[in-house]
């Protein structure tokens with residue numbers, strides 16, 4: 001365990017950063033972005049690229065830790081916004097696929113109804129041509145040409161069947177044309193909807209790509225600063241895995257799947273924080289929550305903001321181990337309550353999965369499964 005003085009210093013820095021209540025522009029990271037490792041070499045970075053002003057160099061160890069926490073906190077918020085943007089793009093792409101399938105189905109229906117129109121049209125055309133050529137299709141002709149009453153009756157019977165069949169064919173043709181027109185209208189509407197869905201998905205993807213580039217720049221800058229920190233600074237940043245006197249074995253079972261998910265999360269203590277990671281060996285904040293609950297059979301949303309609407313609302317005075325707690329006005333951080341005012345969470349870059357007081361961060365809400 002580190003000294004009490006060092007714990008107090010680190011907690012003070014965290015509290016100061018939390019009190020800033022910063023909000024940042026919505027930019028994002030893409031899947032496949034290089035995993036930031038604590039001992040990685042700093043990436044090449046133009047200090048003016050993506051920055052309004054050059055970041056001042058820390059003047060002492062406390063400043064280095066404070067600045068690192070501040071920058072890492074910014075990137076964590078950006079990462080959460082990116083994940084939400086990625087989810088939105090995925091939803092738009094799903095809609096696009098649905099609309100494309102709808103277009104294909106509408107075209108198949110249109111083709112089928114057009115085949116019916118063509119078939120009935122041919123049958124009706126045969127009758128029309130026969131009439132044009134003088135075929136015997138009316139009662140007057142039957143009366144004039146019949147040699148006997150019986151022949152007249154026979155011809156009238158045949159004419160009745162012909163006329164009925166002609167009427168049916170014309171009715172079928174009209175019905176087929178109506179169906180074809182409806183199918184054509186549906187195909188046109190489906191094509192318009194598919195085009196709109198495609199445009200929306202492409203626009204969202206373009207925004208997401210721009211956000212990804214912005215986040216990569218932020219990550220590079222954090223990695224630069226981390227690489228410049230001394231070993232003592234890094235230890236101060238990481239802190240202890242749990243406060244003195246906290247014993248996970250004494251956590252009271254509050255019942256439900258939340259407690260089971262908490263026990264799973266506790267097995268990840270010490271695992272590194274990585275933006276966009278969902279376990280099992282590295283995590284971001286919402287990734288730890290999603291993975292832990294997933295291990296006990298509960299599907300959760302991917303982002304802290306979405307997780308703030310999962311489950312049921314719980315008042316702070318009713319909180320129990322296993323509830324999830326979200327933080328900041330922008331809902332950019334989340335952890336799992338571990339009792340005694342503590343939570344297990346993937347904090348931020350350079351800080352492993354650990355147990356920390358929930359009062360170190362501004363609480364947004366509490367949810368329970």
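Any read-out appearing in this document is the output of simple, stated calculations on the displayed coordinates, not a laboratory observation. Quick caveat, the model's predicted, so the values are computed rather than measured. A quick note on method: Cβ atoms are made from the backbone with ideal geometry, for glycine too, and the neighbour counts reach across all protein chains shown.
When 181, 209 are checked against the criterion of being assigned to a helix (DSSP H, G or I) and farther than 28 Å from residue 86 by Cα, a single residue qualifies: 181. Here are 308, 292, 286, 282: which of them is farther than 23 Å from residue 364 by Cα, in contact with a strand residue (DSSP E or B) (Cβ under 8 Å, 6 or more places away or on another chain) and buried (at least 19 other Cβ atoms within 10 Å of the Cβ)? Sole residue among the options that is farther than 23 Å from residue 364 by Cα, in contact with a strand residue (DSSP E or B) (Cβ under 8 Å, 6 or more places away or on another chain) and buried (at least 19 other Cβ atoms within 10 Å of the Cβ): 282. Per the listing 323, 318, the residue uniquely more than 18 Å from the chain's Cα centre (by Cα) and buried (at least 19 other Cβ atoms within 10 Å of the Cβ) is 323.
Per the conditions (1) in contact (Cβ under 8 Å) with a residue 12 or more places away in the chain; (2) in a helix (DSSP H, G or I); (3) surrounded by 14 or more Cβ atoms within 10 Å (Cβ to Cβ), the sole criterion not satisfied by residue 240 is (2). Of the residues 254, 245, which is part of a loop (DSSP other than H, G, I, E, B) and under 34 Å from the mean Cα position of the chain (by Cα)? Unique residue meeting the criteria: 254.
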